[in-house]
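Some notes on the structure that comes next.
The values are calculated or read from the model by the stated rules, or taken from the named source; none is laboratory data. Just so it is clear, the model here is predicted, and its values are computed rather than measured. Here the Cβ is made from the backbone with ideal geometry for all residues, glycine too, and neighbour counts use every protein chain on show. Accessible surface is based on the protein model in full, side chains and every heavy atom, while ligands, DNA and RNA are left aside. Shrake-Rupley method; radii C 1.70, N 1.55, O 1.52, S 1.80 Å.
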Amino acid sequence: MLDLDDDTTIVALATPIGSSAISVIRISGKNSISTVENVFTSIKPGKKLENQSTHTIHLGYIVSENHHLLDQVLVSIFRSPFSYTGENMIEISCHGSYYIQQQILQLLIRKGIRLARPGEFTFRAFINKKLDLSQAEAIADLIVSENKICHEISLQQIKGTLSNTIKSLRKKLLDFSSLLELELDFGEENVIFAKRSELFSFLQELEGILKDLIESFSLGNAIKKGIDVVIIGEPNVGKSTFFNQAIQEDRSIISHIKGTTRDCVGGKIILNGILFHFLDTAGIRKTKDPIEIMGVERTMKKIEESQVIFYIFDSSNKEKKKMISNIQKIHKKYPLKNIFVIANKSDISPFYFHDFESFKSKIPYFFEISSKNYPEVKRVLHALSSLFLDKLKEKKIVVTQNRHYEALKLSLKELSLAHNAFHKGFSIDLVSIYIKEALRYLGEITGEITSEDILKNIFSKFCIGK
């Protein structure tokens, strides 16, 4: 477990375990430079690491206690406070042999340095105020980012876009809270320090900002984990053909026999830097086949879990009114989902129905294609990625952490209570209590207010060496 008061010097492999061209061993703590000095011999006789400036690199050898040469290395020096952790730091770049890595690590441990725990370097950076808690969490996200957009969002949060916004809002709210506290101290004199019109206006403004941040979470969380796209429709409308074309693999079985797909088949694709999880599903129809019934039930469950629905129908189907009815039912049942309506098999019969023309204008995303033709499928995919890119452009800040989301919701709840109490003319001490609670929840996002349990939970998810 991480210890808030532990100031021992720590060491860890900062690169993946295994053979590689080079490996990096990271050391942090007050004894890092002096300890490495004891096992390092510079190629320049008489050169001492203790005398070297911060952010300098030195070529030499790591030598064991019995004067056995372990490796030729580069030693990088980062002096406090100008380092990642805020402490004295050393990074040893050695050759990437697993044997060499372990020999150097064991040598340093014998010299009194302790193996680092998961996330301990970043934890020390947080404790030493090199970054706040939301920035630390963004570093963890950056390490595991699998696509361009996740990478960009993580970098923005490391730069402080979210934390700076939270800190600014919290400072303003704290200023108002302080004025209200003054009023309570001078209650008998009936003095007003906080202008009511300004407080009322600010509470409204702050609620609006928090609501926008909260709404961004559904988008941010989906992009972080990958956006689920479920392909649905009746049997034999070309769902599997579309799916195979989209992921560019022959993963789903294609047949003229109805009910071929009885389970969900998944595949990943990155479009314009965004990860999408495509899911081909069992055709929706009434059937007595128990296996196919289970497939349809799974389809319905996946629809509920998805962010996007691709409803595909056969454009040559003569039951045009039934198609319109099905589309209407989907839009009515899932009004908050992004629904793409795709008239497939246009190469066989272009879709036209006079009653549909006026209805079509009400469908944001309608496509008439042949899923056998990849460029036509690609047109749908381009519209899909553009939809989410446009949503991202609308959001200056995107919340991706569930912890931040929950804290924002709780803060908004307290502010709404304060707003309501203020509007109804309740006592200022009650309004002040609600505002203090809102401040507390906002402070938990950046780590200005937090508990050891929260810190340990966050940093335990980091990899060792970071």
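Filter region 216-252 for residues that are open to solvent by less than 40 Å² (accessible area, probe 1.4 Å), part of a loop (DSSP other than H, G, I, E, B) and free of Cβ contacts under 8 Å to residues at least 40 places away in the same chain and give the result.
Ser252
Residues Leu107, Leu74: which one is open to solvent by 30 Å² or more (accessible area, probe 1.4 Å) and at pLDDT 95 or above?
On the way: Leu107 fails: open to solvent by 30 Å² or more (accessible area, probe 1.4 Å).
Result of the check over Leu107, Leu74: Leu74.
Scan region 417-448 for residues that are open to solvent by less than 40 Å² (accessible area, probe 1.4 Å) and among the small types (Gly, Ala, Ser) and jot them down.
Passing the criteria: Ala418, Ala421, Ser432, Ala438, Gly443, Gly447.
Which ones in region 94-104 are surrounded by 17 or more Cβ atoms within 10 Å (Cβ to Cβ) and assigned to a strand (DSSP E or B)?
Listed by number, the list holds a single entry, Cys94.
State yes or no: is Ser83 of a type in the set (S, T, N, Q), open to solvent by less than 40 Å² (accessible area, probe 1.4 Å), touching a strand residue (DSSP E or B) at 6+ places or on another chain (Cβ under 7 Å) and not in a loop (DSSP other than H, G, I, E, B)?
Values: of a type in the set (S, T, N, Q): yes; open to solvent by less than 40 Å² (accessible area, probe 1.4 Å): yes; touching a strand residue (DSSP E or B) at 6+ places or on another chain (Cβ under 7 Å): yes; not in a loop (DSSP other than H, G, I, E, B): no.
Considered against the rule, which asks whether it is of a type in the set (S, T, N, Q), open to solvent by less than 40 Å² (accessible area, probe 1.4 Å), touching a strand residue (DSSP E or B) at 6+ places or on another chain (Cβ under 7 Å) and not in a loop (DSSP other than H, G, I, E, B), Ser83 comes out as no.
Please verify whether Ile62 is open to solvent by less than 30 Å² (accessible area, probe 1.4 Å) and in contact with a Leu (Cβ under 6 Å, 6 or more places away or on another chain), treating the condition exactly as stated.
Working: open to solvent by less than 30 Å² (accessible area, probe 1.4 Å): yes; in contact with a Leu (Cβ under 6 Å, 6 or more places away or on another chain): yes.
Taking the combined requirement at face value, the residue satisfies it.
Counting only residues that are modelled with pLDDT of 75 or more and not charged (D, E, K, R), which one in region 174-198 is most open to solvent (accessible area, probe 1.4 Å)?
Leu174
Pull out all pairs, ordered by first then second residue, where Cβ-Cβ is under 8 Å, the residues are six or more apart or on different chains, the first lies in region 432-449 and is of a type in the set (Lys, Arg), and the second is assigned to a helix (DSSP H, G or I).
Hits for this filter: Lys436/Ser177.
Do we have any residue at all in region 405-416 that's open to solvent by 70 Å² or more (accessible area, probe 1.4 Å), within 22 Å of Lys224 (Cβ to Cβ) and out of contact with any helix residue (DSSP H, G or I) (no Cβ under 7 Å at 6 or more places or on another chain)?
Looking through region 405-416, at least one residue is open to solvent by 70 Å² or more (accessible area, probe 1.4 Å), within 22 Å of Lys224 (Cβ to Cβ) and out of contact with any helix residue (DSSP H, G or I) (no Cβ under 7 Å at 6 or more places or on another chain).
Among the residues of region 155-182, write down those that are under 13 Å from Ser134 (Cβ atoms), assigned to a helix (DSSP H, G or I) and among the basic types (Lys, Arg).
Lys167, Arg170
For the subset of region 110-134 comprising residues that are polar (S, T, N, Q) and surrounded by 18 or more Cβ atoms within 10 Å (Cβ to Cβ), which member is nearest to Val36 (Cα to Cα)? Spell out how you get there, then give the answer.
Within region 110-134, the first condition is being polar (S, T, N, Q), and the residues that meet it are 122, 128, 134.
Cutting the leftovers down to surrounded by 18 or more Cβ atoms within 10 Å (Cβ to Cβ) gives us 122, 134.
Numbers: Thr122: 21, Ser134: 33 Å.
Restricting to residues being polar (S, T, N, Q) and surrounded by 18 or more Cβ atoms within 10 Å (Cβ to Cβ), the top hit is Thr122.
Would you point out which residue out of Arg26, Arg117, Arg124 is assigned to a loop (DSSP other than H, G, I, E, B), within 30 Å of Thr446 (Cβ to Cβ), of a type in the set (D, E, K, R) and in contact (Cβ under 8 Å) with a residue 12 or more places away in the chain?
On the way: Arg26 fails: assigned to a loop (DSSP other than H, G, I, E, B); Arg124 fails: assigned to a loop (DSSP other than H, G, I, E, B).
Being assigned to a loop (DSSP other than H, G, I, E, B), within 30 Å of Thr446 (Cβ to Cβ), of a type in the set (D, E, K, R) and in contact (Cβ under 8 Å) with a residue 12 or more places away in the chain holds for just one of Arg26, Arg117, Arg124, which is Arg117.
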